[in-house]
Amino acid sequence: MTTHRQIWLAFAAAALIRLVYVGWYPQIANLCPDCEVYDRVAKNLVSGMGLVGGTAADTSFGRIPNVSSAPEVGVGPIYPVFLQAVYWAAGHRLGAVRIVQAVLGAMIVPLIWHISSRAFGPSAGRLCGWFVACSPPLVAYSGVVLTENLSVMLLVLSVWLLLTAIDRRSVWRFVISGASLGILILLREEMVVLLPVLAVIAAWKGRPRPGWLHLVAYVMTAVFAVGAYSLRNYLVVGKPLLVTAHGGETLWISAKGWTEWHFDDPELQRLTHGLSYVERNEVLQRDALRMIAADPGHYLRLCVRRVPELWVSSHTTYMHGLSDRYAVYLGRGNYRVLGVKLALLALHVTMLTLAIAGVWIGWRTPTRSLELWMITAPIVAITLVHFFLFSAPRYQIPVLPFVLAFAALPLAGRSGHESDRTP
C-alpha cells in the first residue's frame, strides 16, 4: 500500500473512531463551567448581541448585576466564533459541535504524519499517525465543548504550514502560516510564546534559510491578527489587553497552589466582592505578585508540583462514567470502572515513557534538524508556561501529537537515522 493510501486510511480510522465516540458513547450531560462560558458567548453572537456576556455573566465570584451584555474579555474570540458557525448551520446542538470537532481531530493525522516523517523517517511517521488516530485523550476531547480539540488542529497546522513555507520560500505561504499562528493565539493566549520561538528556529535551522522578508511577513501577520483584537479590547474596556484579562485569576490560583476554585474562600470573596471582571483580575494579579514576593521558595515548590499535574493523567475528567476520582470508585467497590481508569492511565504513562526515550534518541543524532526543533519547541514552551502558571491535564492536549511523534521514534527501528528521513 502506498504511503498516500496509508495516510488516508489512518485519517478515515481516526474520523470513524471519533464519530463513533461522540455519536454512540454517552457524553457528559451538563456543560462544565468553562464550556458554559463559550456556549453563552456563542449564543450571544448568533442572536446578534456580539462578543459579550461570557465570563462577565458568570456568578461564581458573586458578579455585580446587569453585566450579561458586558464586552467579553475573559476568553479569546476564536472558539465562540467557531461555535457560532456551527450553531448557525445546525442550530444550538452540541452534538453538531462534537461531530465537527471529530472531523477536525481526524485532520490532525495527515499533518502530524507528514511532520514526524520529515523529522524521524517514514516508519516513525506512520506509527505517529496511528498513535494520534487512536489516542484516547485526543478522541475524548473531540466530545468536549472546550478549546483543546481546535487548538490541537491549529497548532499542528501552524507548524506544518511554516515547514511548507520554508520549503517553498514563498512570502504568501509565510503570511498564511503567520495568520494560522495568530488565530491560534486568539484561541489560546499562552500560545503567544511560540511566535518568537518558531520564528527564531525558522531563521536559524531553515534550509533553505528564509529571507528577512519571509520572516517579517510571518511575524507581522501574526502580530497584526492579534494586535487588531488587542485594539478592540482597548476600545471596549479602556485597558491594554493582549487577548484576555484572565491572567490575574490564573496567576492568583497558581500562587495559592489550588487545583480548582474555592468560591466560598473568605480571602477570595474579600478581594473580589463587587468588582467587574477586569477589576477583579487586576486585584488578584497584584495579590498574587505579593504572595510570590513574600515566599518565592513556596511558589517554586508549587511550580515543580505542577509538572506531574500537567503530564500524568488518565484523561477521563470529561468522559461519561469515568469522570470521578479513583478513590470514589474504589470506595464504591466499582472495580471495573476503576480498572478502566487505571488502564487508560497506564497507557498514557507508557506513551510518555516512550516519548522520553524518543527525545533521548532524537537529540542524540548528529544532525539536529529543523523538524526536530519544530516538534520539540511547542512541548517545551507549553510545559514552561504551565510550570509557572495554573496547570491541568487538559492543557497538555494541544501538544500531545508532538509528544506522540517522539513516542513513535523508539519503535521505528532505523527510521530515526538521517538516511531514512523523507524530505
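Using a Förster distance of 60 angstrom, determine the FRET efficiency expected from the C-beta separation of W24 and W204, and round it to 0.05. Using R0 = 60 Å, I get an efficiency of 0.80. The residue list N233, L271, V97 was ranked by how far each Cα lies along the charge dipole of the chain toward its positive end, using unit charges on Cβ atoms, and V97 comes out on top. When only alpha carbons are used to place a centre, the stretch 155-188 and the stretch 1-58 end up 23 Å from one another. Taking the Cα atoms only, what angle lies between the long axis of helix 122-134 and the longest principal axis of the chain, rounded to 10 degrees? Around 30 degrees separate the two axes. Over the stretch 3-420, the reciprocal of the mean inverse Cα-Cα separation, the Kirkwood hydrodynamic radius, stands at 22.5 Å. The calculated FRET efficiency for D264 paired with V216, based on their beta-carbon distance and R0 = 45 Å, is about 0.30.
Isolated cysteines in the chain, defined as those with no second cysteine Cβ under 4.7 Å, comprise C128, C134, C303. Taking amide H as placed 1.01 Å from N in the peptide plane, the amide H of A70 sits under 5 Å from that of G53, each at least 5 places away or on another chain. Derived scalar couplings between HN and Hα for the stretch 2-8 equal 5, 4, 4, 5, 4, 5, 6 Hz in order, rounded to whole Hz, by the Karplus curve 6.51 cos²θ - 1.76 cosθ + 1.60 (θ = phi - 60°), x for Gly and Pro. The stretch between V236 and R169, if pulled fully straight at 0.36 nm per residue, gains 20.2 nm over its current Cα-Cα span.
Rounded, prolate or oblate: which one fits the stretch 190-251, using the alpha carbon gyration tensor with axes a ≥ b ≥ c (rounded when a/c is under 1.5, else prolate when a/b beats b/c, else oblate)?
Values: a/c = 5.67, a/b = 2.04, b/c = 2.78.
It is oblate, given that a/c is not under 1.5 and a/b is not larger than b/c.
Among the trypsin sites (Lys or Arg not before Pro) within the stretch 128-192, which fall in a DSSP loop and have no more than 16 other Cβ atoms within 10 Å of their own Cβ?
Numbers: sites: R168, R169, R173, R188; in loops: R169, R188.
Answer in residue order: R169.
Once the Cα atoms are used to define both axes, helix 78-90 deviates from the longest principal axis of the chain by about 90 degrees. Label-to-label distance for E309 and R336 is 3.4 nm, based on points extended 7 Å past Cα in the beta-carbon direction. Phi angles across the stretch 114-120 convert, under the Karplus curve 6.51 cos²θ - 1.76 cosθ + 1.60 with θ = phi - 60°, into 3J(HN,Hα) values of 5, 5, 5, 5, 4, 7, 10 Hz, Gly and Pro given as x. Candidate cross-link partners of K205 among the aspartates and glutamates, defined by an alpha-carbon separation under 20 Å and a same-chain spacing of 8 or more, comprise D167, E371, E418, D420. Dividing the mean sequence gap of close Cα pairs (under 8 Å, 6+ apart) by how many residues the chain holds gives a relative contact order of 21 percent. Using a Gaussian network model of the chain whose springs link C-alpha atoms within less than 10 Å, name the residue from S158, S117, S47 with the highest mean-square fluctuation. Per the Cα network of the chain with a 10 Å cutoff, S47 tops the list. Derived scalar couplings between HN and Hα for the stretch 135-152 equal 4, x, x, 5, 5, 4, 6, 5, x, 10, 7, 9, 6, 4, 4, 5, 5, 4 Hz in order, rounded to whole Hz, by the Karplus curve 6.51 cos²θ - 1.76 cosθ + 1.60 (θ = phi - 60°), x for Gly and Pro. Tell me the angle of helix 194-205 to the major Cα principal axis of the chain, expressed in degrees between 0 and 90 and rounded to the nearest ten. Roughly 20 degrees, rounded to the nearest 10.
Since every read-out is calculated from the coordinates, none of them should be taken as a lab result. All values reported here derive from a predicted model rather than from experimental measurement. Quick reminder, even Gly has a Cβ in these numbers, built from the backbone with ideal geometry, and neighbours come from all protein chains shown.
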